[in-house]
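For reference, the structure is listed below as structure tokens.
The values are calculated or read from the model by the stated rules, or taken from the named source; none is laboratory data. Values in this document were obtained by computation on a predicted structure and should not be read as measured data. Cβ placement follows ideal geometry from the backbone for every residue including glycine, while neighbour counts extend to all protein chains displayed. Note: areas computed on protein heavy atoms with side chains; ligands, DNA, RNA excluded. Shrake-Rupley method; radii C 1.70, N 1.55, O 1.52, S 1.80 Å.
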Amino acid sequence: PMFPGFNATYWLTVHGLVTVLAVLLYVITSRLLQQRRHPSAAIAWVLFILLMPYVALPVFWTFGSRKQARPRAKTLPEAPTLIAHYPWPARTAIALGQPEPAPYDALHVHADGSAALAALWQVIDGASHTLDVCTYILGDDSLGAMVVQRLAAKARAGVRVRLLLDGLGRWIGGRPDLKPLAAAGVALTLFVPPLHSPLKGRTNLRNHRKLLVADAAHEGRRLWCGGRNLASEYFEGSADTAAWRDLSFDLRGALVLQAGALFEHDWAFANGRRVALPPLAAALPEPGAAVGQLVASGPDQVDDTVHALLITAAYRAGRRMLLATPYFVPDPALLTALCLAARRGVEVDLLLPARSNHRMSDQARRRALRSLSDAGGRIWFTPHMLHAKLIVIDDDDAYTGSTNLDGRSLFLNYELMFAFQEGSAIAACAHWFDQERSLAARHLPAHPGLWSDLAEGMVLWLGFQL
């Protein structure tokens, strides 16, 4: 024999048993945790385990968990007569476990990065008691340094300041110097830092939410939120970095309480305490009051909230759907819903950057863009990097926040959107979309050749979590 003492039959049998055991452990773990995955993701995990069980199973245990919240028991709504007063978008969100709409005032949709930055400084400088900041990226640049400086100044002035920064996002931002925050008394927590806290939540699940909440438990409470990370390119750019186009807003009022409760939930989890989102007292707003609704999505939610709302909206829309996102890699269910909306005469307008900062995502979006265009949807490419997230449905609802229209954002990340059902707020969001679309060019996708089509399929297969 070529290798004396090597028993091929024995080792093939051992390998087969290990492979079967690995698949069983995958199935049992998914069952016990009541994980619901997209079929393509489930197939990819099984194939990975069958081909490389010794590598795949540890990777699955480290990165494979998608949900932490368990499915709810089937119960009837406690106050169906109260819920019936809301329009269908709010009722759908409530059915998905989101808080009921709450009033707000002084909503400002920021026209550009300069307006967003001015509002950011106002919220920080205006905090009198507490200031809670959650961001995915804090840049190692001039803007990041100014944020650190102002947060430290508020802490030294006696304001309780907390910063929740995503562990992976800190690396992406260039590892900014956070020592001045600790020296000033700012409480800093990294959200599931890679390789340091795998038991708090899977490393693959990132906190992509962005919000600042000032004085949540006091009069004058204020919220700043949107898609902007705290780095130069998301506002005014720098000498060597062009400014990205993004969307953010600020407001006051009772709606801020929902953001404050979500921050408390994320803060507790990142610090090793598992707590449920606290119930908020619900009451019908005053007639004519502007109301909004927090829509959280991610592993802490039983449902894929934003994904479910988008599909519902596509089937309910009667006139228009305005969609702005930097990355468009929808799953088949969402793509089908958007295509059917376009086929039945709904004006489906999708606004994207001609070239985003993620080249693989640009490659992966091509098939979906062709399908939407063939169905009658209109695709618009901006010449600049567009990082905004916006969904406008008829004159019924507008959603804006941190959620992109790709699989990672819709199914894996902790995300946050706010829904506005008041006419002037919807009009302000639609106006922002119209202004951005006026700078864009209509894109008519060309059908690919053989090699291009194969490359697209390979990217989609390899990047099922895009």
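What tally of residues in the stretch 210-260 results from selecting those that are of a type in the set (Gly, Ala, Ser) and part of a loop (DSSP other than H, G, I, E, B)?
So the count comes out to 11.
Are any residues in the stretch 120-139 in contact (Cβ under 8 Å) with a residue 40 or more places away in the chain and more than 25 Å from His265 (Cβ to Cβ), and if so, which ones?
Across the stretch 120-139, the qualifying residues are Gln122, Gly139.
If you take the residues of the stretch 364-378 that are open to solvent by less than 40 Å² (accessible area, probe 1.4 Å) and within 22 Å of the chain's Cα centre (by Cα), which of them is modelled with the highest pLDDT?
Leu369
Looking only at the stretch 163-182, filter to residues that are open to solvent by 20 Å² or more (accessible area, probe 1.4 Å) and touching a residue at least 12 places away in the same chain (Cβ under 8 Å); which one of those is nearest to Asn204 (Cα to Cα)?
The selected residue is Leu168.
Name the strands (runs of 3 or more DSSP E) wholly within the stretch 384-454 that hold at least 1 residues that are over 23 Å from the mean Cα position of the chain (by Cα) and not β-branched (Val, Ile, Thr)?
Result: 441-443.
Give the residue that is farthest from the chain's Cα centre (by Cα), with candidates limited to residues of the stretch 338-355 that are among the small types (Gly, Ala, Ser) and surrounded by fewer than 20 Cβ atoms within 10 Å (Cβ to Cβ).
Only one residue tops the list, namely Gly345.
Considering only residues that are assigned to a loop (DSSP other than H, G, I, E, B) and either of a type in the set (Gly, Ala, Ser) or touching a Gly at 6+ places or on another chain (Cβ under 8 Å) (or both), which ones fall in the stretch 172-196?
Gly173, Gly174, Pro176, Gly185, Val192, Pro193, Pro194, His196 - these are the residues of the stretch 172-196 that are assigned to a loop (DSSP other than H, G, I, E, B) and either of a type in the set (Gly, Ala, Ser) or touching a Gly at 6+ places or on another chain (Cβ under 8 Å) (or both).
Please enumerate the residues belonging to the stretch 81-121 that are loosely packed, with under 15 Cβ neighbours inside 10 Å and assigned to a helix (DSSP H, G or I).
Thr81, Leu82, Trp88, Ala95, Ser114, Ala118, Trp121
Out of curiosity, is Asp331 over 18 Å from the mean Cα position of the chain (by Cα) and not aliphatic (A, V, I, L, M)?
no
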